[in-house]
Each structure stands twice: as structure tokens, then as C-alpha cells.
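Structure, as C-alpha cells:
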Amino acid sequence: AEVERKTGRLRAAISVRYTK
Amino acid sequence: DLNRALGKLSERIKRAADAEGETAVVLSPFTAPQRMAANGSPGIRKALEAELKRRDVLVKNGARLEVKGDYGEAEDPAGKAVVRIHGRLIDRDSGRSLAEHSVDVDNLTSIAGLVGATMSVPIEPVPADRERAIREGLSRPSAHVSSSRISAGPKSPFAIEILAGPSGGAIRPRTAEVINGQAYLNIRSSERYAIKLINDAPFEVAATLMIDGLGLFAFSEHPEYSYVIIPARSSGVITGWHRTNDEAEEFVVTEYPRSAAAERSLAPSPDLGVITACFAAAWPAGGNPPLDE
């Protein structure tokens, strides 16, 4: 079942770059 | 937010194309400054194509008019961090520029996905302090790597891990390294990968996942979805692009979803991919948010 949610402000952004 | 900004750019392109008696354009990649090592062009391009289509401008490879542009970090007049996307409409026959227009993207999650940000953002009660932390975080990325676990700092409760392996074979955590404050790892072209989202905080989080600026739900039957929920002190593994609630299309390095026929023209960069996860607290509507929200 779907539960409606509220979300807060961004706390962290994490990026990873991958080379091929 | 990205669609709203690119909607404005599309309107400008539509007016200029109308004046030329043209109904189609060809889209070239949007470039980022070299120092950013970013790859948001596929996300920009997909959103721009959708907005152009809504305005009856077709994206067609042989078109006489070409849209190209660049993007990068900037500040809006109020000093807020934004990503500024600058687009130009060029007449390919004459090389003449017919129109140009800049638009700002100011949603922090969108910004992080476009530039490939790695930062912790304190939940400051004072907006100016939070803005300062964001500008600092964008200009000085703070990736922390412990073997295969990648976070925005040694004390941050949020992390990601990339699991990779041969197509059809087992996937294992892949070791990353930090270069200039950003995390890097290698995935071979023949490999598939999955993304482990780790939440060690005592509250559930909404995690937003972007690959090359494209959201996890970019090819989904539910484009209205935007995040996945990770319960408190747990983790979840995302194995592919969301298609339906029962089906995902596995992440491979060399292409975006094969089954998304309409996206044929959208191709990954041959050398660099960027995965970005953003974390925010989440709580059931009607329930209680964490105290610091």
C-alpha cells in the first residue's frame, strides 16, 4: 500500500564518478 | 525544477524557430566546465526534449536548427547557489546564432545531480548559514571513502556503495578512491552495477538517485515518483532503472534503458559517468518529523 510521506531538506549529497 | 527552467528555454527556442518557419531542432550536448568533471547533459537533454515536445517543437537529427549550450554553478541575484544553463539556437547552414537564453535551476537536489556534488548540509535554523554551507560544499567537495563505502564526511550517517560485476554474474562492492575531494571508481564497459543506499540515521530517509543527471524514474511508468524510502538504520540496493513497481532495467555502463525506445538518441558519455544520491529525512504524512526538521 502507498503511504503518503513528507520530506525534509537535503542533508547530504554523495556522488561517485566512474570511469569506463 | 529542471523541467520548469528548461520550459522557459523551450519557449524562447519555440519563438525563434517559428520566426524561421522551422518546426524541428537537433540537440547537441550541454557541456560543463572541465574542472567540474560533471556529466549532467543527458538529464538536461531529456528534460529539454520533453519541454520542446510540449510546445510542438520536434527533436530531429537532420534539422537545420541546432540547440547547444553549457551549464555551471552560479549565484542568483539573491546570492543563492544555482545551476545556470545557457542555451543557444544556431542556424547550421549559416552558423548564425538566432537566439540565446539563460535559465537557473535552484532546487538543491537538482543542482547536486547536475554538478555531481558531494557535501553534507547542516539543517541550520538560520537560512543564511545554510546557504553559506551549500556554497562551500559545492565549491569544495568532501568525499570520504572507506574501502567501498562513500560518504560526504567521516561522521555523516548517509553513504553509498557501488556493487559491480560481469553481466549475468555476481556483483561485489567496488573500492573507490578520492581525487580532488570527489570519489572515483572504475566500471568496465561490459559490467553491470547496482547502487547500495545506506542510512545509518535514527530516522527514515527519502533518497533521490540520479545518473548523469537522469533521475531513477526517468524511464519509469511512474514519472511522478521522485525518491525511494530507506528505513532508519538500514540500507537498500537499487539494481536498475525503475520501470514499474515489479520491474527494473539493470544498470549497464554503455547504455540507458534499452527498452525505452523513444530514448534511442540519448547515449551515455563514452568515458565518464556520474552517480549522485541525495538524502533528506522522510516521515509519514500526519506523523512526526525528526526534531531538527
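With unit charges on the beta carbon (Lys/Arg positive, Asp/Glu negative), name the residue among B:Gly169, B:Trp241, B:Leu27 whose Cα is farthest towards the positive pole of the charge dipole of the protein assembly as shown.
Sorting the options by dipole projection puts first B:Gly169.
Using all Cα-Cα distances in region B:160-245, what percent lands in each 5 angstrom bin from 0 up to the longest?
In order of increasing distance, the bins hold 3, 13, 19, 21, 22, 16, 5, 1 percent.
For chain B, what is the charge dipole size about the Cα centre, in debye to the nearest 20, if Lys and Arg each add +1 at the Cβ and Asp and Glu each add -1 at the Cβ?
Dipole magnitude for chain B comes out near 500 debye.
List every residue whose amide H lies under 5 Å from the amide H of A:Arg5, counting only residues 5 or more places away in sequence or on a different chain, with H placed 1.01 Å from N in the peptide plane.
B:Ala285
Among B:Gly95, B:Ser120, B:Ser147, pick out the residue whose Cα is farthest towards the positive end of the charge dipole of region B:88-149, where Lys and Arg carry +1 and Asp and Glu carry -1 on C-beta, about the Cα centre.
After comparing all options, I get B:Ser147.
If the viscosity is 0.890 mPa s and the temperature 25 °C, what translational diffusion coefficient in µm²/s does Stokes-Einstein give for the protein assembly as shown when Rh comes from Kirkwood over Cα pairs?
121 µm²/s
Using every Cα-Cα pair within region B:142-293, state what percent have a distance larger than 26 Å.
27 percent
Quick check on packing: order B:32-43, B:182-193 by the mean number of other C-beta atoms within 10 Å, highest mean leading.
B:32-43, B:182-193
What is the average number of partner chain Cβ atoms found within 10 Å of a Cβ in B:226-234?
Averaged over the peptide's residues, the number is 1.
When chain B is treated as a GNM, springs tying every alpha-carbon pair under 10 Å, which of B:Thr31, B:Thr276, B:Thr208 comes out with the largest mean-square fluctuation?
B:Thr31
Using Cα pairs closer than 8 Å and at least 6 residues apart in sequence, work out the relative contact order for region B:1-105, in percent.
Dividing the mean separation by the residue count of region B:1-105 yields 30 percent.
Working from the alpha-carbon coordinates of region B:19-137, get Rg over Rh, Rh being the Kirkwood radius.
In region B:19-137, Rg relative to Rh is 1.06.
Per residue of B:74-81, count partner chain C-beta atoms within 10 Å of its C-beta, then hand back the mean as an integer.
0
Once the cut-off is 31 Å, how many percent of the Cα-Cα pairs in chain B end up in the long-distance tail?
31 percent
What percent do you get for the relative contact order of chain B when only Cα pairs under 8 Å and 6+ apart count?
Once divided by the residue count of chain B, the mean separation gives 15 percent.
Taking 25 °C and 0.890 mPa s as the conditions, I'd like the Stokes-Einstein D for region B:45-115 in µm²/s, using the Kirkwood hydrodynamic radius from alpha carbon pairs.
180 µm²/s
For region B:278-285, take each phi angle, set θ = phi - 60°, evaluate the Karplus expression 6.51 cos²θ - 1.76 cosθ + 1.60, and give the result in whole Hz per residue in order, putting x for glycine and proline.
Whole-Hz 3J(HN,Hα) from phi for region B:278-285: 10, 10, 9, 5, 9, 7, x, 4.
List the extent of the Cα atoms of region B:80-175 along each of their three principal axes, largest first, rounded to whole Å.
Between the extreme Cα coordinates on each principal axis of region B:80-175 lie 53, 49, 17 Å.
How much net charge surrounds B:Ala159 when only other residues with a Cβ under 9 Å from its Cβ are counted (Lys, Arg +1; Asp, Glu -1)?
Charge balance near B:Ala159 sits at 0.
Taking every residue in B:111-121, how many Cβ atoms of other protein chains lie within 10 Å of its Cβ, on average?
4
Rule-based calculations on the coordinates, nothing more; no lab input. Nothing here was measured: the structure is a model prediction, and the numbers come from that model. When we count neighbours, we look across all protein chains shown, and the Cβ atoms used for this are built from the backbone with ideal geometry, even at glycine.
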